[in-house]
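To start, the structure under review is shown below, and the notes come after it.
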Amino acid sequence: MLYGAHCLVNLSLGSQEDFRPWLLQNPSKILWSYGANDSKYRVAAEEIKSLGIKTIEIPDAGHRVIFDNPKFLSQIIVELTK
């Protein structure tokens, strides 16, 4: 199998375990970012937020936040690390 196809098959969310228990171990150290145009992850962010994990919506972004709006995301990361 090609490397890219292997990653898509084996690393997709459908084949991953439920990481919510792991997330709850250190909720203050996690920032869940999601694209404003990604309705699936916006819904997931609401659930994550209800667990006490900080979320941030990235404007002008879909599923690939880091590629859709890297400037905004990097500004958020810089602000959080000050």
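The values are calculated or read from the model by the stated rules, or taken from the named source; none is laboratory data. These numbers were taken from a predicted model, which means no experiment stands behind them. Positions of Cβ are generated from backbone atoms using ideal geometry, with glycine treated the same way; all protein chains shown enter the neighbour counts. Only protein heavy atoms, including side chains, enter the accessible area calculation; ligands, DNA and RNA are left aside. Shrake-Rupley method; radii C 1.70, N 1.55, O 1.52, S 1.80 Å.
Percent of C-alpha pairs per 10 Å bin in the chain, short distances first: 16, 39, 37, 8, 0.
Around the amide H of residue 36, modelled in the peptide plane, lie the amide H atoms of 58, 60, 61, all under 5 Å away and 5 or more residues distant in sequence or on another chain.
Per the helix-only calculation at 222 nm, which mean residue ellipticity applies to the chain, given -39500 (n - 2.57) for every DSSP H run of n ≥ 4 and division by its residues, nearest 500 deg cm²/dmol?
Details: 5 runs with 42 residues, N = 82.
Only helices count here, giving -14000 deg cm²/dmol.
Rolling a 1.4 angstrom probe over the chain with all protein chains present gives an accessible area of which 59% lies on carbon and sulfur atoms.
Counting only protein heavy atoms and a 1.4 Å probe, the chain has 77 square angstrom of accessible area per residue.
Among the chymotrypsin sites (Phe, Trp or Tyr not before Pro) in the stretch 7-82, those placed in a DSSP loop whose Cβ has at most 11 other Cβ atoms within 10 Å are 19.
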